[in-house]
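Q: This structure is in structure tokens; I'll ask about it shortly.
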Amino acid sequence: MFRATPPAFFHQIPALLKFKLHQPLPLSPRESKQLLELLTVSFREQLDSEHGPSNVADAPSAHQVKATKTTIQPKPHTRPTDKHIESILTNPLFNVRRNAEATTAANPMCTFDRAVGTGMMTLKHAAACLRAERQRLASLHPVDLTQGLKNSGAGLKVVRWLNASGTSNDNSFLDEPLFAFNLFEFMQAEGLEDVFWVWIDRDIDGFLKSVVSRDVVARRISSLFGHKKIATRSFDDAVTILQRFATKIQNLDARKQRSLLFSPGQQLYDQLSHSHPIALSSVSLGAFEAFRRILRTIYLHDIEYCSLDIYHPTQPSADECLKRLRLPPTTLPVSGPRKAAYPQRIINISLTAAKILFEQERVDDARWIMEYLRTNYPEEVGLKQSSVEHRIQKAHEEESSIQLLESLSIA
């Protein structure tokens, strides 16, 4: 067993150490001066790195400052510490006015600022604020809404909140369709559209790395077109968005391009096919032809691509659609995900084509299409042979074919 060390031993340690430690030797005057200069230079370099270089000789005198006090404008902050303080003071998370004026209660973006400052802002609330702000600006700028959106600065304010709160660290915030739709409109007007496309580039890169699925990328692009239950962008604007997206992925192989463009392209096709004739007439020829080129990538030889001319804004034609329908059924390929919706789609296309043919007094071709529907889709259309022949004959005699087809249309 070991014997315990007596406590008196520890009291002797400081006395023993003083013989082993060397006391610092006094510096000579020359060495003291060199040390002072070294510390001074090091300290100044540290100040310059933190606050930026300064030149005392260039500083204006008190007399000069007094003489030019009314004319000198404050220069932007360039020092790192100034920038840091400014970023804190301008951060939307801290930008809360305690005594807001009563007149700002009707401004949705003032509500946005207060909610951000109290930490209560969410994507749904932000979408509601943007939507309300757009409605307010539409009433104030009925002629030039774009200018009103630009002057509001709401898009920049929301983007700053996304960055400050860390929400924009990934693209999950784009999964809120109403938020993405409204934010993109403000960002377009304010010249911030490229920022939005940087987010889309991040999605495309994630898709190529198998981190983001095809459906997620397509859904986020489709959200920019809007939804009929909330709001929809004009066909021309939607085609411009889809065209830019197609340009970004044009270097991918054809299969990947088709997989990314199919869903948003299908949504635009549905928007075009369900548009009122007045809305169709407002579609520009440039946008229509651009959409045709995109459909060529998506559908190849499918019925949608061949029947696009029935929705032409100035010269609707059913010739290509009729030619396609007359091919044997086995040559009309339909992919698996589209089989369920395909019958209803081809019925709507066929009825629209038949209506155009009746308007052009091509009754035989229109009758063939109606017979085609009766033969291939009798249950969906709900027509029997005798009923079809009787109605077409009556329509031909009374020249009321258009009204007949409208009564047969299926929503």
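Q: Can you give me the relative contact order of the stretch 174-248 as a percent, contacts being Cα pairs under 8 Å and 6 or more apart? Walk me through the numbers before you get to the answer.
A: Details: 42 pairs, mean separation 25.1, N = 75.
RCO, the stretch 174-248: 33 percent.
Q: Using alpha carbons only, how many angstrom separate the centre of the stretch 248-263 from the centre of the stretch 157-203?
A: The stretch 248-263 and the stretch 157-203 have Cα centres separated by 23 Å.
Q: Tell me, Met370, Met109, Met187, Met120 in order of fewest to most beta-carbon neighbours within 10 Å? List each step's numbers first, then the result.
A: On the way: Met370 24, Met109 18, Met187 21, Met120 9.
In order of increasing Cβ crowding within 10 Å: Met120, Met109, Met187, Met370.
Q: Of the listed peptides 33-46, 255-268, what is their order by residue-averaged count of other C-beta atoms within 10 Å, with the highest listed first?
A: Values: 33-46: 10.5, 255-268: 18.9.
Going from most to least packed, we get 255-268, 33-46.
None of the figures in this text is laboratory data; all of them are computed from the coordinates on show. Please read all numbers here as calculations on a predicted model, not as lab measurements. FYI the Cβ positions are ideal-geometry reconstructions off the backbone, even for glycines, and counts take in every protein chain you see.
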